[in-house]
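Just so it is clear, none of the values below were taken in a lab; they were calculated from the coordinates. Since this is a predicted model, take the numbers as computed values, not measurements. Note: ideal-geometry Cβ built from the backbone for every residue, glycine included; neighbour counts use all protein chains shown.
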Amino acid sequence: MKVLVAVKRVVDYNVKVRVKADGSDVDVANVKMSMNPFDEIAVEEAVRLKEAGKATEIVAVSMGVKQCEETLRTALAMGADRAIHVETDAELQPLAVAKLLKQVAVKEAPQLVILGKQAIDDDANQTGQMTAALLGWAQGTFASKVELGDGSVNVTREVDGGLETVKLSLPAVLTTDLRLNEPRYVKLPNIMAAKKKPLDKTSPADLGVDVTPRLKTLKVAEPAKRSAGVKVANAAELVAKLKNEAKVL
Amino acid sequence: MTYQVPLKDIRFVLSELAELPAVCTLPGYEDCNVELVDAILDEAAKFAEGVLAPINRNGDKGNTWKDYQVTTAEGFADAYHQFRDSGWVGLRAPQDVGGQGLPALVAMATEEMWCSANLSFSLAPLLTLGAIEAIHHHASEDLKATYLPRMASGEWTGTMNLTEPNAGSDLAQVRTKAVDNGDGTYSITGQKIFITWGEHDMADNIVHLVLARLPDAPAGVKGISLFIVPKYLVNADGTLGARNDARCVSIEHKLGIHGSPTAVMSFGDQGGAIGYLVGELNKGLGYMFTMMNHARLGVGVEGMAISERAYQHAVAYARDRVQSRELGSPNPASAAIIKHPDVRRMLMTMRAQIEAQRALAYYTATALDRAATHPHPEEKARNQALVNFLIPIVKGWNTEQANEITSLGVQVHGGMGFIEETGAAQYYRDARITAIYEGTTGIQALDLIGRKLASENGATARAVLAEVKAVAARLADAGPELQAFQAALNIAVDQASSCVDFVLAHFASNPRLPAAGSVPFLKLMGIVLGGWQMARAALAAQAKLAEDGADVDFLTAKLITARFYGEHLLPQVSGLTVAILHGGESVLALDEAAF
Amino acid sequence: MAILVIAEHDNSQIKSGTLNTVTAAQKLGSDVHLLVAGAGCAAAADAAKQIAGVSKVLLADAAALAHPLAENLTPLVVDLAKQYSHVLAPATTFGKNLLPRVAALLDVAQISEITAVESADTFVRPVYAGNVMATVQSSDAIKVITVRTTAFEAAAVSGGAAAVEAVSGAADAGLSSFVSQELTVSDRPELAAAKIVVSGGRALGSAEQFKAVIEPLADKLGAAVGASRAAVDAGYAPNDYQVGQTGKVVAPQLYVAVGISGAIQHLAGMKDSKVIVAINKDEEAPIFQVADYGIVGDLFSVLPELMTELSK
């Protein structure tokens, strides 16, 4: 069984991004970039499926600028067998990524496509669902447990208020939640070996996909800072403020 | 405060100052390239930040000893198993024993991370590597085949058993006894102290390298042999056999690095520990010295690395802690203390020295790689001389300053720094040992003026100082912001030259005089050579700033830090010069009874 | 054109996020239709028609919709969506699962988790974990949007009198099926991931009082329990409760610090919480410098009052 894993190169989660002075965008020049943490979980899940003898080949795919190669090398070091880089300098929004991923999936014909539930930069939480839609496949989003059956997969999903288990027929798209697994630390010999694994290049044009963005970012801003604290007289006033003003109850 | 690997500075130093691309072209390192190193740095950083740094505080609670066994602090054994399974132990171990055989320069970058994240932990793999080096160079093929693959994989750890209660800096006093059993093994009896990671619960076996003396051996340093004494004997098929008569009879209560057990090792309490001779009889001390260079350089990195951790801790606190209004500001509200000039001075003093030390240490690692593998004999020899000269400076200066820098780290915190829970105090305590083990600063300084300077009549020192002078000349064209730095570096390098002349003039006739100023001399050389590296860094930063997409924030900070170094650290050279040239007699004058 | 809101419900009741989504929809146009798709969900549709501001309820009642499987719901919504300018759902796991699938089949972008409506085509949404707010404009004919429910008021559950119109055509796509669900009951959430944390300090005075005072409040709020270093050291709470520099770092929506003075090491572990409440009898306690809401008073009298208020 072949597994396709999609990985995105994002600003490292430790970096506190800054808004450019003109408010046009966030300033990501020269900041540390890493694999989207949810996608690391996706790679880990695929590797575990392979280690368990359920998957036979893992293909990692990434879309975007040249440096996505580094992200793909990380996926290869984690255990993916080969990589595909859809190289483009264009801004890619989830719909475009889903269209590209669909084309790759059509060519590769995997039984599972696994990717993170969201990327920690745009926080969109869309690509997996869109890919499933375009392929006409089932989707198991926010997965915290994956159990492969014969021609189907049982996915336990983290839903508001608890867990839900659904049975999906294969092929299917899965998106990972935090508790699905804990990604391994990459082994040094595997980093060295990853350099020798195949990494193929393609492009949106090769795949016949128009990636023109549908959303235009007009401006970005930092959220309003916490207002100075107030003292309240009693518990009644506190509860009222928490309900009506802070809206946390 | 979590530790974040200073990847930008590490990459800058590797590529701009330590010539990583050139190192990757040396024979044997062809598999290495900048992209691979980038990936290694990223993953090592994840490991250091995610696994080693979080258990550093646990380590401070110490190990427990019971019935000759040591239980390491919570999380250490698991972390070690992850470290071992990830293959990090063998990064610079030779490929023929299962290591990756990567350059010392690349290894240094990862070792800095391990040391910053968790100094106590880092010593276990570091000692294993030292033992691998000694065995690889000097032991028989049989011994190598038995021990090295499992040490390079991290399955077994290694130790250095040198010190005895009466043999510290002077190993000629070693009394541990080895008796030939006539079957190719030796029976070892005696006691060794200060054995770092001498006993623990993290690995299946511990391979002790033990200095001992045969009954008929010549007196002094020429009668010391080196033995492998494993905790568990190894059967012919490679499985572990009987427990050897080598036991940890207690562990020390220390000022710092509480996470690393410091064992008192007793050999032969029950008749004799079985040992295997490494190389030839009576050459043990020489064998130990083959790995001493690398080990001392490693301790220099420890000093810089613990300083880096203390600096990060102090910066985080200074940003958070709000106290007193900003001097000269119309705003009456209290400000984060990072706005206060003296706090800034302290942080800059820490930062500038750490950056200079990192650059000098990595530069030395490059020389070490060239000395080991350069195809041209002349370059090889030149680099070996450079390594010999630089190592006591890197070891002595980085670790002496680590004491000051981690102390400043405490100071930035004010009263909170004195409270253990804050965390700054641990770095201060942990740093203390670095100026002591692998040769105290006094030993490094004596080594510097004697074996490294006088023995070759200052040839390498003069060559290095000429390079410093040349870089200072290039600073003259580097624009007005670096002129004060340029002037300070020129003055400092001239003063350094006069101190070299002074040492050479007196070492043969009256060695006590330069020896009295040898530590000030070592520090002076550290400051001047650190200034040299900061000058190279400033020139590289200026050049890079002109490029498209330059990391303006980082490069500008580098230039400001270099300037600070020129204005605050280099002027210290003048004071040290006075002490070196004119202060020797007062050191020696006082009657012993008057102390 | 009208606005379509996809209701989240359990076949009998409308879930509260739907009400906030209706409010967001009203900022886009006055004609808001609510789709109630389920199986045996007439009761939910009854509730839906009374929501203020809803002009029409579309009721799709089919066995295939018994559970909100995106594979089965999507064709229905895609079909309906073509008559609307906007399709909205709450940015809950329900809405997030469904709407990207809908958008892809409509060949339009989906706009995630909006916190404000600037105009019919322009919205504000958080990116980078809420550290940056982006204003985005859509060029698509149909805008498919999920709504961050906490950013909009809830529409009133009564006062409306919408007509209910049945829609048909829902079928089982044959791709997925519901197996089981396991809803969290009263177990306290994990400290590091909890949305609400109630922490106690040394002022609790004993392990017994910590248990008697802090834990009921935490259970009332569905919160995790934390403690200051001082309380842990004094043995009032176990080690794994410790919040602070040397303990856990938490950033819940609501952090309630009870009898905690606010040592800097403690603040380091919780200062990124969205809303901080401090209850302490020392008016000068540093915790008040970071608290959004503070009560100066004896915790042993304030907390019982608080329990009473929360029960109202």
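Quick notes
- Calculated log₁₀ intensity ratio I(q)/I(0) where the Debye formula runs over C-alpha points of the stretch A:152-249, q = 0.11 Å⁻¹: -0.93
- To the nearest ten degrees, helix A:94-108 and the longest principal axis of the Cα atoms of chain A are 20 degrees apart.
- Across the stretch B:440-595, C-alpha contacts under 8 Å between residues 6 or more apart give a mean separation that, scaled by the residue count, equals a relative contact order of 31 percent.
- Karplus-derived 3J(HN,Hα) values for the stretch B:108-124, using 6.51 cos²θ - 1.76 cosθ + 1.60 with θ = phi - 60°, are 4, 4, 6, 5, 4, 5, 4, 5, 5, 5, 6, 4, 4, 4, 4, 5, 5 Hz; glycine and proline are entered as x.
- Ranked packing of C:53-65, C:166-178, B:29-41, most packed first, by mean Cβ within 10 Å: C:53-65, B:29-41, C:166-178
- Taking the square roots of five times each eigenvalue of the Cα gyration tensor of the stretch A:2-245, the equivalent ellipsoid has semi-axes of 34, 24, 18 Å, listed largest first.
- Binned Cα-Cα distance frequencies in the stretch C:76-133 - 10 Å width, integer %: 21, 52, 25, 3
- The mean of 1/r over all distinct Cα pairs in the stretch B:101-158, once inverted, gives the Kirkwood hydrodynamic radius of 12.1 Å.
- Residue ranges B:66-73, B:269-276 sort as B:269-276, B:66-73 when ordered by packing (mean number of other C-beta atoms within 10 Å per residue, highest first).
- The mean sequence distance of close C-alpha pairs (under 8 Å, at least 6 residues apart), as a share of the length of the stretch B:368-431, puts its relative contact order at 21 percent.
- Among C:183, B:52, B:482, the order by Cβ neighbours within 10 angstrom, fewest to most, reads C:183, B:482, B:52.
- Applied to the stretch B:566-578, the Karplus parametrisation 6.51 cos²θ - 1.76 cosθ + 1.60 on θ = phi - 60° returns per-residue 3J(HN,Hα) values of x, 8, 10, 9, 4, x, 5, 4, 4, x, 5, 4, 4 Hz, with x for Gly and Pro.
- Largest GNM mean-square fluctuation among A:237, A:91, A:222, using chain A with Cα springs under 10 Å: A:237.
- With semi-axes defined as the square roots of five times the eigenvalues of the C-alpha gyration tensor, the equivalent ellipsoid of the protein assembly as shown measures 60, 34, 31 Å, largest first.
- log10 of Debye I(q)/I(0), alpha-carbon scatterers only, for chain B at 0.05 Å⁻¹: -0.22
- As a ratio to 2.2 N^0.38 Å, the alpha-carbon radius of gyration computed for the stretch B:230-309 takes the value 1.47.
- Alpha carbon centroid spacing (whole Å) that separates the stretch C:115-154 from the stretch B:189-243: 69
- Chain C: radius of gyration over Cα atoms, expressed as a fraction of 2.2 N^0.38 Å: 1.18
- Average beta-carbon neighbours from other chains, 10 Å sphere, peptide B:31-37: 2
- Plainly put, the stretch B:440-595 has a radius of gyration that is 1.08 times its Kirkwood radius, both from alpha-carbon atoms, as the Rg/Rh ratio.
- In the protein assembly as shown, helical runs assigned H by DSSP with n ≥ 4 each contribute -39500 (n - 2.57); averaged across all residues and rounded to the nearest 500, the mean residue ellipticity at 222 nm is -13000 deg cm²/dmol.
- Note that the stretch C:2-166, at 10 °C in a medium of 1.306 mPa s, gets a Stokes-Einstein diffusion coefficient of 103 µm²/s from its Kirkwood radius over C-alpha pairs.
- Rg over Rh for the stretch B:421-466 works out to 1.27, both radii taken from alpha-carbon positions and Rh defined as the Kirkwood radius.
- Largest to smallest principal axis extent of the C-alpha atoms in the stretch B:342-492, angstrom: 55, 43, 27
- In percent, rounded to a whole number, the relative contact order of chain B is 13, using alpha-carbon pairs under 8 Å and six or more apart.
- Neighbour-count ranking [beta-carbon atoms within 10 angstrom, fewest first] of C:229, C:188: C:188, C:229
- Cut-off under 5 Å, modelled amide H: who pairs with residue A:18 long-range: A:27
- Convex hull volume per residue for the stretch C:191-311, taking Cα atoms only, in Å³: 84
- Estimated translational D of the stretch A:83-210 in µm²/s (Stokes, Kirkwood radius over Cα pairs; 4 °C; 1.567 mPa s): 81
- Pairwise label distance in nanometres, residue A:89 with residue B:477, each label 7 Å out on the Cα-Cβ vector: 3.3
- Burial ordering of A:99, A:66, C:195, fewest other beta-carbon atoms within 10 Å first: A:66, C:195, A:99
- Extents of the stretch C:26-116, taken as max minus min of Cα coordinates on every principal axis and listed largest first, are 33, 30, 24 Å.
- Report note on the peptides B:334-341, B:543-550: ranked by the mean count of other C-beta atoms within 10 Å, highest first, their order is B:334-341, B:543-550.
- Karplus 3J(HN,Hα) series, Hz, for the stretch C:145-150 with 6.51 cos²θ - 1.76 cosθ + 1.60 (x for Gly, Pro): 9, 9, 10, 6, 5, 6
- When the convex hull of its Cα atoms is projected in every direction, mean area for the stretch C:1-52 (nm²): 3.2
- Note on the stretch A:18-142: percent of Cα-Cα distances in each 10 Å bin, starting at 0 and stopping at the bin with the largest distance, equals 12, 43, 34, 9, 2, 0.
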